[in-house]
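Worksheet: one structure, shown below.
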Amino acid sequence: MESDTPIQTNEPPVVNEIGTTTDIFAKRGDSLSGDYNRDVMDRSAMPSLEFAFEVRALVGAAVEVGALPHGRRRLVPITGGTFEGPDLRGRILSGGSDWQVIHADGFSQLDSRYALETDEGALITVRNAGMRHAPSDVMNKLLAGKVVDPALVYFRTHPTFETAAPHLQWLMRSLFIGVGERYPSEVVVRFWRIL
């Protein structure tokens, strides 16, 4: 039997367009106690990751466009490279680039676009947006083309892929995250599929 009496809690209610969470849970007969929160976590499926492939992109010298209102624009040409994973491998075609916006503190917004060709000849286009940041002394070295310890740099991306190859449709039907490392003439990104 449903009760119209709301459940008492020490937490302030969260209000949204359908009412407070207290009202919603009270109508369902749920509790807002610590046990409830643990039960919710037990019932929810935390996403897991599956390694998809690693890209080793060769890059040329950055082309400095200059200062813009939102940061310094620079273009980094992608000149080639390779990729490999459990289900695919091949080469990176030349002609891609990474359009970057570098903020005063070195925080970098990344937007790279390039194409992959598998060993079987299938083409995959990649758009990889992301960010890279570290303490300012580390970012200054990295942006100057010097070697830095990748463990000191937060470099994450969220790629999207396009391909007409029937056996690679999983690339367009899944979400991915990338974890990157920047070296003077190469960028390494490991892509993980979110299951």
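The values are calculated or read from the model by the stated rules, or taken from the named source; none is laboratory data. All of these numbers come straight from a predicted model, not from anything done at the bench. FYI the Cβ positions are ideal-geometry reconstructions off the backbone, even for glycines, and counts take in every protein chain you see.
For ALA164, the conditions (1) in contact (Cβ under 8 Å) with a residue 40 or more places away in the chain; (2) within 19 Å of ALA57 (Cα to Cα) all hold with the exception of (2).
Here is a list: SER94, SER136. Which entry is free of Cβ contacts under 8 Å to residues at least 40 places away in the same chain and in contact with a strand residue (DSSP E or B) (Cβ under 9 Å, 6 or more places away or on another chain)?
Just one listed residue meets the conditions, SER94.
Counting the residues of region 101-118 that are surrounded by fewer than 18 Cβ atoms within 10 Å (Cβ to Cβ), under 22 Å from LEU171 (Cβ atoms) and out of contact with any Leu (no Cβ under 8 Å at 6 or more places or on another chain) gives 2. Residues of region 71-107 that are in a loop (DSSP other than H, G, I, E, B), within 17 Å of THR157 (Cβ to Cβ) and hydrophobic (A, V, I, L, M, F, W, C): PHE107 alone. Taken over region 125-136, the residue count meeting the criterion of being closer than 17 Å to GLN169 by Cβ and more than 18 Å from the chain's Cα centre (by Cα) is 0. Within region 175-193, can one find any residue that is part of a loop (DSSP other than H, G, I, E, B), hydroxyl-bearing (Ser, Thr, Tyr) and either over 25 Å from MET46 (Cβ atoms) or free of Cβ contacts under 8 Å to residues at least 40 places away in the same chain (or both)? Looking through region 175-193, at least one residue is part of a loop (DSSP other than H, G, I, E, B), hydroxyl-bearing (Ser, Thr, Tyr) and either over 25 Å from MET46 (Cβ atoms) or free of Cβ contacts under 8 Å to residues at least 40 places away in the same chain (or both).
Name every residue in region 139-161 that is assigned to a strand (DSSP E or B) and free of Cβ contacts under 8 Å to residues at least 40 places away in the same chain, in order of residue number.
Those that are assigned to a strand (DSSP E or B) and free of Cβ contacts under 8 Å to residues at least 40 places away in the same chain: TYR154, PHE155, ARG156, HIS158, PRO159, THR160, PHE161.
Every listed requirement among (1) in a helix (DSSP H, G or I); (2) closer than 14 Å to THR79 by Cα is met by TYR114 save one, (1).
Against the list (1) in a strand (DSSP E or B); (2) at pLDDT below 60; (3) not hydroxyl-bearing (Ser, Thr, Tyr), the condition ASP30 fails is (1).
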